[in-house]
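Here the structure comes first, spelled out in structure tokens, and everything after it is commentary.
Only the coordinates and a few stated rules stand behind these numbers; no lab work does. Please read these numbers as outputs of a predicted model, since none were measured by experiment. No Cβ is skipped: glycine too gets one built from the backbone with ideal geometry, and neighbour counts run over all protein chains shown.
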Amino acid sequence: MSDAIKHECGIALVRLLKPLEYYKEKYGTSFYGIQKMYLMMEKQHNRGQDGAGLASIKMDMQPGERYMSRVRSNQQQPIQDIFSQINTRINDILKERPELQDDVEAQKKDLPYLGELYLGHLRYGTFGKNSIESVHPFLRQNNWMHRNLIVAGNFNMTNVNELFDNLVRLGQHPKEKADTITVMERIGHFLDDEVAKLYKKLKREGYSKREASPLIAEQLNISKILKRAAKNWDGGYAMAGLIGHGDAFVLRDPAGIRPAYYYKDDEVVVVASERPVIQTVFNVDFEKVKELSPGHAIIVKKDGTTKEKEILKPLERKACSFERIYFSRGSDKEIYHERKKLGRLLFPQILQEIDEDLSNTVFSYIPNTAETSFFGMVKEAQRHLNDLKKEQILALGDNITPESLNDILQLRPRIEKIAIKDAKLRTFIADDNSRDDLVAHVYDITYGSVKKSDNLVIIDDSIVRGTTLKKSILRILDRLHPKKIVVVSSAPQIRYPDCYGIDMARLEDLVAFRAALELHKDAGTYAVVEDIYQRCLSQVDYTDVDVVNVVKDLYEPFTDEQISAKIADLLAPEDLNAELSIIYQTVDKLHDACPKNLGDWYFTGDYPTPGGNRVVNRAFINFFEGNKERAY
Ligand SMILES: O=P(O)(O)OC[C@H]1O[C@H](OP(=O)(O)OP(=O)(O)O)[C@H](O)[C@@H]1O
């Protein structure tokens, strides 16, 4: 599997429950659905910037009339690109045929993309080629309406090879080994099977082929299809699909690794990867947007009946904590508080690192995601200073004077905007090849904000490969000549690869892993590396449930602090003048801050699905053998 595409990361689904005339009447436009899709996708651009795609379905069309459309783009600004393609096509037709302007029925017939059901996708494709073929949604077409399948997902499977072999065993001949194709073909296979069974049943009941078609669509049991299709999936996913006649579904993985939220009223059913997107676009309160339960699917039948159904037995909930720390937009009510708390909880470690010298310390953050945890960190600094002030004021007793009081009250945390990000891009989700150069040039600095006697505390949400620090931030901070730079990470040390959708694939890319290797070299215990390799090899033929993550043993002898100190050594440019230290969040405090998202495999090595242990050991084998392939 050398060039498969991974990390498909944002979905949006809209089902309009009323006829298009209703929206024209109420909202002044029959393009209501398209407009909402644009907003839903735009507001999730944090989840993927390499590609975007949209598919639409018109319901109840006559034979010979087009009812499915799809548009995809892998251009620079893919969301804008697909919607400008849609607008151009629609406007061109409207210009030629102005009589369509107010005739919704004719519009639906003759304008592309104008339908009742929409599925959008944003692609975060950090691996493999960014060709248009890798952009979702994917189509599996057929002349029977109810056999058409459109799939888009935020997912990553750890057992693609096994799933592929299963398809071959079914007699299929898949054109690619990529998990998207594998997953779609699997759903497609059971869709076909279900359709065939229904047809047989209806035939027995005396229906003709033509009469059977709408009845098949009506009786199609989506949850049964999903149960059979997803039985052997091992991974993290929010898998969305549309069926040609108008059924729709979104299925979430049983450990709840990938996120999915939905909202329903009498006009729409909406599903998205992030809650605030739905809140803003449909103007609804936090409480009205539901989280899709792990192992469940939301299924919207063509007649509008909407149900959340258990498809797979839920596993222990391990929702991805990196969603909360970095990946999601921080505008969600809960995520906003969680990020602030992450910053707050780091303050005691920071205070120690700066010898409690708050007068000579400037606080700042690396834009953009860390801004919220910065607020939390500063609020805690304020609270700490208030306690100090209280003590000092009380200690003054009768000697209190306006001047002495003033001196005390003047104490406050010094905060500055130090680092500036020139581009709106998220570098982490930029594709591997261009990232280093991007990181090196994307940040700039505010001069004149730090004195030579100052500590500079700068918080970032995560230090993964350390590229942002090494290639850019540390050098530019050093130009301000602080005495000491303290980099604070609101995430714990990332020690293990992710295999469920966030791009942390190669062990040797992770700076914590490189630090552990160096510590073993220093301690004369590097032989453990070969030993771990041998133990990884010895498990290659085990079934997934029996595999143990032996890479944990690499970190076992060292404390978090030792690893952090070594990371600082590795990341400090040789000519750095300031003293450098790095502080990471602890895993316990992360859980305290984000209690609903306890998925922490990249920090702890505790994978929520059996496939994870195989992946981490494979990643170690790849590292040891100098094999640049990804482990899943
Ligand atoms: O250690 P590294 O491998 O360099 O990765 C971590 C960095 O990448 C992310 O920035 P990004 O530019 O993606 O996004 P942001 O502006 O939203 O923080 C993140 O916020 C860290 O700064």
Stretchable slack from Leu576 to Asp355, in nm (0.36 nm times residue separation minus alpha-carbon distance): 77.4 nm
Round to the nearest 10 and give me the degree value, 0 to 90, for the angle of helix 371-396's Cα axis relative to the longest principal axis of the chain. 30 degrees
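Could you tell me what percent of the DSSP beta bridges with both partners in the chain are antiparallel, to the nearest 5? It would help to have the intermediate numbers written out before the result.
Values: 60 of 80 bridges.
Antiparallel: roughly 75 percent of the beta bridges in the chain.
Multiply the residue separation of Lys421 and Leu215 by 0.36 nm, subtract the distance between their alpha-carbon atoms, and state the gained length in nm to one decimal.
Working: separation 206, 0.36 × 206 = 74.16 nm, distance 5.63 nm.
Here the segment from Lys421 to Leu215 would lengthen by 68.5 nm.
Could you list Ser449, Ser373, Ser490, Ser328 so that the one with the fewest beta carbons within 10 Å of its beta carbon is first and the one with the most is last?
On the way: Ser449 17, Ser373 30, Ser490 35, Ser328 26.
Ordered from fewest to most neighbouring Cβ atoms within 10 Å, Ser449, Ser373, Ser490, Ser328 come out as Ser449, Ser328, Ser373, Ser490.
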Which whole-angstrom value gives the distance between the alpha carbon centres of the stretch 145-182 and the stretch 62-89? 24 Å
Counting only C-alpha contacts under 8 Å and six or more residues apart, can you give the relative contact order of the stretch 498-632 as a whole percent? 36 percent
Length-normalised contact order of the stretch 412-471 in % [C-alpha pairs under 8 Å, at least 6 apart]: 39 percent
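Using r as the Cβ-Cβ distance of Glu310 and Ile93, and R0 as 35 Å, what FRET efficiency do you calculate, to the nearest 0.05? Before the final figure, lay out the partial values.
On the way: r = 44 Å, r/R0 = 1.26.
With a Förster radius of 35 Å, E is 0.20.
If you take the square roots of the eigenvalues of the alpha-carbon gyration tensor of the stretch 10-317 and sort them as a ≥ b ≥ c, do you get rounded (a/c under 1.5), prolate (a/b over b/c) or oblate?
rounded
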Can you give the local net charge around Pro314? Use residues other than it whose beta-carbon is closer than 13 angstrom to its beta-carbon, Lys and Arg +1, Asp and Glu -1. 0
Write down the Kirkwood hydrodynamic radius of the chain, to one decimal in angstroms, obtained as one divided by the mean of 1/r over all alpha carbon pairs. 26.5 Å
Total formal charge among the other residues, if their Cβ is under 12 angstrom from that of Lys175, Lys/Arg +1 and Asp/Glu -1: -1
Given contacts defined as C-alpha pairs under 8 Å and at least six residues apart, what's the relative contact order of the chain, whole-number percent? 13 percent
Under 17 Å Cα-Cα from Lys483, which aspartates and glutamates qualify once same-chain neighbours fewer than 8 residues away are excluded? Glu353, Asp355, Glu356, Asp357, Glu416, Asp454, Asp569, Glu574, Asp575, Glu579
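Roughly what percent of Cα-Cα pairs across the stretch 323-625 reach past 37 Å? Mind dumping the intermediate values first?
Numbers: 9182 of 45753 pairs.
Pairs farther apart than 37 Å: 20 percent.
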Using 7 Å Cα-to-Cβ label points, what is the Asp60/Asp265 separation (nm, one decimal)? 2.3 nm
Which one of Leu385, Phe620, Thr468 has its Cα pushed farthest toward the positive end of the charge dipole of the chain, where Lys and Arg give +1 and Asp and Glu give -1 at the Cβ? Phe620
Nearest 10 degrees is fine. How inclined is helix 610-624 to the longest principal axis of the chain, computing both from alpha carbons? 60 degrees
Please report the equivalent ellipsoid semi-axes of the stretch 496-632, computed as sqrt(5 x eigenvalue) of the Cα gyration tensor, largest first, in whole Å. 25, 20, 13
Lysine pairs meeting the criterion (Cα under 30 Å, 8 or more apart or interchain), as found in the stretch 500-632: 9
I want to make sure I understand the PRE zone here: with the label point 7 angstrom from the Cα of Arg169 toward its beta carbon, which residues in the stretch 604-623 have backbone N atoms less than 20 Å away? 610-612, 614-615
Lysines within cross-link reach of Lys95: Cα-Cα under 25 Å, excluding same-chain residues under 8 positions apart? Lys24, Lys26, Lys36, Lys58, Lys108, Lys109
Please compute P(r) over all alpha-carbon pairs of the stretch 461-568, binned at 10 Å starting from zero, and give each bin as a whole-number percent. 12, 38, 32, 13, 4, 1
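Could you order peptides 619-627, 180-188, 350-358 by the average number of other Cβ atoms within 10 Å of their residues, highest first?
Numbers: 619-627: 18.3, 180-188: 23.9, 350-358: 16.0.
Highest-to-lowest ranking by the protection proxy: 180-188, 619-627, 350-358.
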Listing Tyr365, Tyr500 by rising number of other beta-carbon atoms within 10 angstrom, fewest first, gives Tyr365, Tyr500
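Place the peptides 234-241, 512-519, 58-65, 558-565 in order of packing, highest mean first, counting for every residue the other Cβ atoms within 10 Å and averaging per peptide. Working shown, then result.
Values: 234-241: 27.9, 512-519: 21.9, 58-65: 12.4, 558-565: 16.4.
So the order, starting with the most tightly packed, is 234-241, 512-519, 558-565, 58-65.
Mind checking the full-extension length gain between Glu391 and Asp110? Use 0.36 nm per residue of separation minus the Cα-Cα distance, one decimal, nm.
Details: separation 281, 0.36 × 281 = 101.16 nm, distance 7.56 nm.
Gain on extension, Glu391 to Asp110, equals 93.6 nm.
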CD proxy, 222 nm, the chain: helix-only mean residue ellipticity via -39,500 (n - 2.57) per DSSP H run with n ≥ 4, per residue, nearest 500, stands at -12000 deg cm²/dmol
If amide H atoms are built 1.01 Å from N in the plane of the peptide, which residues on other chains or at least 5 residues away come under 5 Å of the amide H of Arg465? Val511
